[in-house]
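Peer 1: Got a structure here, written out as structure tokens. Questions coming.
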Amino acid sequence: MAGTQYRGSEITDVDQFVTDTEGLDSKREKEIGQHIGYRYDVNLVPDYKRITPFLTKYMETMGWDDLNWLEDIHMGYEDGAPAVFDRNNNGWVSIPDTIELPDNQQDRDMIARELLIKFQMSDRHPLVLLRKAYMKF
Amino acid sequence: MASVTDADLKTMTQEERVTALGMRTDQLTGRAMRIEFNPDEEERFEYPWAPDVDFNKRTELDVDEMTSTEANRQIRALMEDGYGTIVIKNPRGKHSLGVGILTRLRLIFEGSLGYFGVGLIDGPNVTINGRVGWSCAENMMAGSVVVEKNAGSTFGAAIRGGDLVSKGSVGSRTGIDQKGGTIIVGGDTGALTGFMMQRGRMVICGNAGKNLGDSMYDGTIYIGGEIKSLGVDAVPSELTDLDKDWLTRKLTLYGLLPERGVDHFQKIVAGRQLWNYDNLEPSEKKIIL
């Protein structure tokens, strides 16, 4: 994980935030005595060699030549569990236990992007109900 | 609430809709709702409510005699009719054109836009064969916007995702309060570029004015030219091989890759001296519905 950073401290192990839920890592966390909500490298740019067939198909459908807004999507860790932040409902969505996590953050990010797209486009996304309730017909 | 049909909802007031959909019957106090992905979710690429548009179905819309509101309504009506490529003729610097488009679309403006052009978009690919005024693509969520010439101030204000490109130079406060996405400037950028940036990436091929990255909280600024001065808490960082690959790929995509490559680019990040409000975050991240 060389070069991957979390709020100023280098991430040495991809499972760091799963196995050590209480640990305080960055200098800032040690100062305030608690870890900070989202735990991943927000500035990590995607490695396009690791893109999945689903994401390639999504890009084609949208007419994009790259991941576009998904470049900002990463697999984070909340309370020791892998999760993805969904901006459309302003909350974390958990990764089920049945999904095996790859041994590197880039592949995990690709899985996060795929799951988030499927969820956001599904009828069970909270935005569907909110839209029905509040949209202007 | 399956018994409530869309037709029923259309006859109701907003208050009645909210009640009919059961959004007032739950006890909310002290309840945190955890949502989990379904690994067997259906493969779908667009929002359930998005109109079915075809990129090969093309039309032109002359907005010379229309107000901005009329023009935007016409664009929506054409999308409902399945047009996936729409060419706008004679925009003549009108303000707020092409705003609020929330699905895939190829939108081409043959001319220049005024203030707040193509704001609040989530998905379309927009080409503007002219200039743009203040706050182009403000609050953009996804998609791409390519401006062939110069742009005004606050280019990409509060952008959250997608690619926003000006092939010319831009004014001051570019990407103010940027929360994601990529802003690319082929020429120079003015003072206070990246002011209060929170995340995302900014690529400046030319020079930057005073106070670049002032008060940035996170995110990355790549700059190929000279910096007049760095802002408070903006500091240089090491350009990694992954950064170089990403920069090369992105700039090639928009025909902006310099002849000498990207090795000369500087990388600017937050110095982390202004992180004073982190201790409020953990409680904010719990979703409560």
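Just so you know, all these numbers are worked out from the coordinates, no wet-lab data involved. Worth saying up front: this structure is predicted, and the values here are computed from it rather than measured. Because the Cβ atoms are built from the backbone with ideal geometry, glycine has one as well, and the counts that use them run over all protein chains shown.
Peer 1: What distance in nm lies between label points placed 7 Å from Cα along the C-beta direction at B:Asp54 and B:Glu238?
Peer 2: 5.4 nm
Peer 1: Expected output is a single nm value to one decimal: the length gained when fully extending between B:Leu274 and B:Thr69, i.e. 0.36 nm times separation in residues minus the C-alpha distance. What is it?
Peer 2: Values: separation 205, 0.36 × 205 = 73.80 nm, distance 4.16 nm.
Full-extension gain reported as 69.6 nm.
Peer 1: Now for a separate question. Mind jotting down the three principal axis lengths of the protein assembly as shown based on Cα atoms? Whole angstrom, largest first.
Peer 2: Ordered largest first, the protein assembly as shown gives principal extents of 58, 56, 37 Å.
Peer 1: Once every DSSP H run of n ≥ 4 in chain B is given -39500 (n - 2.57) and the sum is divided by its residues, what mean residue ellipticity at 222 nm do you get, rounded to the nearest 500 deg cm²/dmol?
Peer 2: Value at 222 nm, helices only: -4000 deg cm²/dmol.
Peer 1: To continue, here is another question. Looking only at GluC sites (Glu not before Pro) in DSSP loops with at most 11 other Cβ atoms within 10 Å, what is the longest site-free stretch of chain A?
Peer 2: A:23-99
Peer 1: Right, next: When DSSP assigns beta bridges and you keep just the ones with both residues in the range B:6-288, what percent turn out antiparallel, to the nearest 5?
Peer 2: If I count the DSSP bridges inside the range B:6-288, around 15 percent turn out antiparallel.
Peer 1: Would you please state the base-10 log of I(q)/I(0) at q = 0.11 1/Å for chain A, with intensities from the Debye formula using one equal scatterer on every alpha carbon?
Peer 2: Once normalised to I(0) and log-transformed, intensities are -0.45.
Peer 1: If neighbour count is taken as other Cβ atoms inside 10 Å, put B:Ile88, A:Ile32 in order from fewest to most.
Peer 2: The order, fewest Cβ neighbours first, is A:Ile32, B:Ile88.
Peer 1: Further question on the same structure: Tell me, A:Ile99, B:Ile184 in order of fewest to most beta-carbon neighbours within 10 Å?
Peer 2: By the 10 Å Cβ count, ascending, the order reads A:Ile99, B:Ile184.
Peer 1: Then there's this: Expressed in nm to one decimal, what extension gain is obtained for the pair B:Arg24 and B:Ser215 from 0.36 nm per residue of sequence separation less their Cα-Cα distance? Let's see the in-between values first.
Peer 2: Working: separation 191, 0.36 × 191 = 68.76 nm, distance 4.10 nm.
My answer for the length gained is 64.7 nm.
Peer 1: Let me ask something else. Contact order normalised by length for chain B, with contacts defined as Cα pairs under 8 Å and 6 or more residues apart; what percent is it? It would help to have the intermediate numbers written out before the result.
Peer 2: Details: 760 pairs, mean separation 26.2, N = 289.
It rounds to 9 percent for chain B.
Peer 1: Related question: If I model a spin label at A:Asp123 and A:Asn88 as a point 7 Å from the Cα along the Cα→Cβ vector, what separation in nanometres do I get?
Peer 2: 1.5 nm
Peer 1: Which residue, B:Thr154, B:Thr103, B:Thr25, has the most motion in a Gaussian network model of chain B that connects Cα atoms within less than 10 Å?
Peer 2: Comparing B:Thr154, B:Thr103, B:Thr25 in the GNM, the peak value goes to B:Thr25.
Peer 1: Of B:Phe155, B:Phe45, B:Phe116, which has the largest mean-square fluctuation in a 10 Å C-alpha GNM of chain B?
Peer 2: B:Phe45
Peer 1: Taking the radius of gyration and the Kirkwood hydrodynamic radius from Cα positions alone, what is the Rg/Rh ratio for the range B:74-115, to two decimal places? Spell out each step's value before the answer.
Peer 2: Numbers: Rg = 10.3 Å, Rh = 10.8 Å.
Answer for the range B:74-115: 0.95.
Peer 1: So, one more: Note the per residue figure in Å³ for the convex hull of the C-alpha positions in chain B.
Peer 2: Taking the convex hull of the Cα positions in chain B, it is 172 Å³ per residue.
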